[in-house]
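Novice: Provided herewith is a single structure, encoded as structure tokens, for subsequent inquiry.
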Amino acid sequence: MNWVDELKIALVENNLERASFLVETCPFLSEPCTDLEVLQSAKTLIATTIEQLQEQQRALGAQMRQLKAAQKFLEIS
């Protein structure tokens, strides 16, 4: 299975940890690729991974704010 297919599977499975690892170890950084279609797919998949990671980061930030608010409430009570 090639890198692009692995990244697609990680995204479909919503396995952001695996997707992030694959983006970080992108083989096109060390081995040039001349196949424009593969490079365009990689670009799209990497952008999708970044978007999903940013969304996860926003969700975690919201959860942290909720936890801090709950902690303050408990300290006051």
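Novice: For the chain, what is the convex hull (Cα atoms) projected area averaged across all directions, in square nanometres?
Specialist: On the way: hull surface 24.8 nm².
Taking the Cα atoms of the chain, their convex hull projects to 6.2 nm² on average.
Novice: Right, something else. Quick one: if the Förster radius is 30 Å, what FRET efficiency do L53 and D5 give, using the C-beta to C-beta distance and rounding to 0.05?
Specialist: Numbers: r = 20 Å, r/R0 = 0.67.
With R0 = 30 Å, the Cβ-Cβ based efficiency is 0.90.
Novice: Report the one residue of A69, I9, A42 whose Cα lies farthest in the direction of the positive end of the charge dipole of the chain (charges on C-beta: Lys and Arg +1, Asp and Glu -1; origin at the Cα centre).
Specialist: Positive-most Cα among the choices belongs to A69.
Novice: Then there's this: Are there GluC sites (Glu not before Pro) in the chain that DSSP marks as loop and that have at most 10 other Cβ atoms within 10 Å, and which are they?
Specialist: Details: sites: E6, E13, E17, E24, E37, E51, E55, E75; in loops: E13.
In loop regions of the chain (DSSP not H, G, I, E or B), the sparsely surrounded GluC sites (Glu not before Pro) are E13.
Novice: What distance in nm separates the simple spin-label points at N14 and A69, each placed 7 Å from Cα in the Cβ direction?
Specialist: If labels sit at N14 and A69, their model points lie 2.3 nm apart.
Novice: Here's a follow-up. Filter the chymotrypsin sites (Phe, Trp or Tyr not before Pro) in the chain down to the DSSP loop ones having no more than 15 other Cβ atoms within 10 Å, then list what survives.
Specialist: Of the chymotrypsin sites (Phe, Trp or Tyr not before Pro), not one in the loops of the chain has a Cβ with at most 15 other Cβ atoms within 10 Å.
Novice: Once you have the Cα-Cα distance between T44 and L60, take 0.36 nm times their residue separation minus that, and quote the gain in nm to one decimal.
Specialist: 3.3 nm
No lab work stands behind these numbers, since they all come straight from the coordinates. These numbers were taken from a predicted model, which means no experiment stands behind them. As a convention, Cβ positions derive from the backbone with ideal geometry for all residues, glycine included, and neighbour counts pool all protein chains shown.
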